[in-house]
Amino acid sequence: MSFSDVGEKTDLKNLPLEGLENYLRGMGKERFRAMQIFKWIYQKSAESFDEMTNLSKELRAGLADMAYISTLEPSAIEVGSDGVRKYLFTLADGNGVEAVLIPIEGRNTLCISAQAGCAMGCAFCLTGTFGLTRNLKTSEIVNQILAVKRDLKRNPALQVEISADTSCCDIDEDDPSPASPESIRNIVFMGMGEPLNNLDNVIPAIKIMIDGNGLQFSNRRVTLSTCGLVPEMRRLGEETPNINLAVSLNATTDEQREKIMPVNRRYPLKMLLDACREFPLPGRRKITFEYVLIRGMNDTLQDAKRLLLLTSGIPCKINLIPFNEHEGSDFWAPSQESIDAFHRYLIDRNVTVITRDSRGGDISAACGQLKGKLLNHLEKDAG
Ligand code: SF4
């Protein structure tokens with residue numbers, strides 16, 4: 001590997017522990033030094049080498065010459081009446097991405113972004129209309145988490161139980177393990193972008209998240225949501241086993257799905273669901289299928305019946321997300337009657353199904369509909 005970007009210092013937050021060990025080896029240093037530095041960065045939130053007092057002065061100076069530790073502060077935080085906190089981050093090159101902290105029954109779930117924009121062009125998604133600007137680096141992914149942890153530390157009240165009747169991102173509610181000290185319980189890749197289109201950066205970020213010496217999240221509390229890139233799903237299953245997978249399904253026939261999700265032309269439903277069947281799931285873990293209910297598109301009982309058939313034999317739960325109308329969208333929110341009938345049909349057939357509360361509705365199914373709102377908010381502030 002090259003130890004520094006050409007003519008630039010290396011951001012150590014781009015490296016999982018094994019990468020940091022290689023980096024230190026390249027400097028002629030012992031392996032355990034990498035562990036010390038890794039702990040300083042992720043457990044003690046060090047932002048400079050000067051803070052790393054168990055390293056020699058000579059090593060600290062050498063690191064400062066060749067490397068740095070990046071950080072990210074939110075440019076804006078919007079707080080909803082339901083306790084949802086939306087963070088807008090402005091990256092070094094001026095691109096904006098977002099993360100959203102959602103309190104669910106006293107457990108904070110953090111939705112993070114993997115890309116600035118998205119190339120997948122799902123018709124119901126605001127992020128899709130922006131197109132892809134670029135992939136986020138590993139450091140930009142983990143820095144979203146670290147920034148929110150700092151915010152929670154500054155606002156201790158947010159660490160106590162918050163009652164919120166929203167069921168977005170219902171990950172592993174049976175998991176009895178305690179929340180992390182800063183009270184982020186679950187991490188979900190459901191912000192901007194298609195994470196499987198950026199696996200070279202997402203996989204190291206996941207490794208940092210679940211490393212016992214890194215961010216220390218249990219792998220059962222990390223979920224990646226995809227629109228259904230089949231080969232990349234396989235790679236994810238091989239390289240980061242035991243994290244949770246959510247698949248944004250949203251249709252029950254290829255014809256229907258192609259209309260709203262262009263990815264279906266490459267990976268039609270059968271191929272996608274076969275890949276779901278093959279995805280390595282530990283123990284009693286289930287795949288989550290996200291299903292955005294759109295009026296007149298996919299919200300009939302016929303759709304519910306087909307959904308039941310398509311997912312039969314796959315250990316799964318279904319997240320129904322009533323479409324949230326936004327400016328410029330060509331789709332309509334479903335009626336309460338059709339939501340209830342769809343939900344009832346599945347639950348009567350012993351499917352685990354959750355309908356997301358509409359108060360969380362401005363959190364998009366798998367993407368960042370909030371960016372526009374946050375940018376508006378920033379522009380208003382600037383004006
Ligand atoms: S739904 Fe997800 S994959 Fe589709 S365009 Fe939006 S961000 Fe991209």
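Readers should treat all values here as calculations from the given coordinates under stated rules, not as data from a laboratory. This structure is a prediction, so every number in the text was calculated from the model and none was measured. Cβ placement follows ideal geometry from the backbone for every residue including glycine, while neighbour counts extend to all protein chains displayed.
I need the shape label for segment 87-148. Rule: rounded when a/c is under 1.5, else prolate if a/b > b/c, else oblate, with a, b, c from the alpha carbon gyration tensor. Display every interim value, and only then the final one.
Values: a/c = 2.49, a/b = 1.30, b/c = 1.92.
Taking the square roots of the gyration eigenvalues as a ≥ b ≥ c, segment 87-148 is oblate.
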Practice task
Using a cut-off of under 19 Å, list every residue of segment 255-292 whose amide N is near the label point 7 Å from the Cα of Asp330 along the Cα-to-beta-carbon line.
Solution key: 255-266, 292
Fill in the blank from the handout: What the 10 Å binned alpha carbon P(r) of segment 257-342 shows, as percent of pairs per bin from 0, is 15, 44, 33, 9, 0
Problem - Flagged links, alpha-carbon separation over 20 Å, of Lys86/Lys207; Lys137/Lys207; Lys57/Lys207 - result: Lys86/Lys207; Lys57/Lys207
Practice task
Could you order peptides 25-31, 209-215 by the average number of other Cβ atoms within 10 Å of their residues, highest first?
Solution key: 209-215, 25-31
Completion exercise
Any residue on another chain or 5+ positions along whose placed amide H is under 5 Å from the amide H of Tyr68 is listed here as Thr10, Asp11, Leu12
Exercise for the section: Measure off 7 Å from each Cα along the Cα-to-Cβ vector at Asp65 and Arg31, then give the distance between these two points in nanometres to one decimal. Expected result: 2.6
Exercise for the section: Could you pull out every one of the lysines with an alpha carbon less than 28 Å from that of Lys305, ignoring same-chain neighbours closer than 8 positions? Expected result: Lys259, Lys270, Lys286, Lys317
Problem - Per-peptide average of other Cβ atoms within 10 Å, ordering 195-202, 184-191 highest first - result: 184-191, 195-202
Exercise for the section: State whether segment 10-68 is rounded, prolate or oblate according to the following rule on the C-alpha gyration tensor (a ≥ b ≥ c being the square roots of its eigenvalues): a/c under 1.5 gives rounded; otherwise a/b larger than b/c gives prolate, and the remaining case gives oblate. Expected result: rounded
Problem - For peptides 324-330, 110-116, sequence by mean Cβ density within 10 Å, most packed first - result: 110-116, 324-330
Problem - Chain lengthening between Glu73 and Glu238 when straightened (0.36 nm per residue, less Cα-Cα) - result: 56.1 nm
Practice task
Compute the distance in nm between two label points, each set 7 Å from the Cα along the Cα-to-Cβ direction, one at Glu278 and one at Leu301.
Solution key: 3.7
Exercise for the section: With a ≥ b ≥ c taken as the square roots of the eigenvalues of the C-alpha gyration tensor of segment 45-157, please select rounded if a/c is under 1.5 and otherwise prolate if a/b is larger than b/c or oblate if it is not? Expected result: oblate
Practice task
Could you please state, rounded to a whole Å, how far the C-alpha centre of segment 228-268 is from the C-alpha centre of segment 67-119?
Solution key: 24
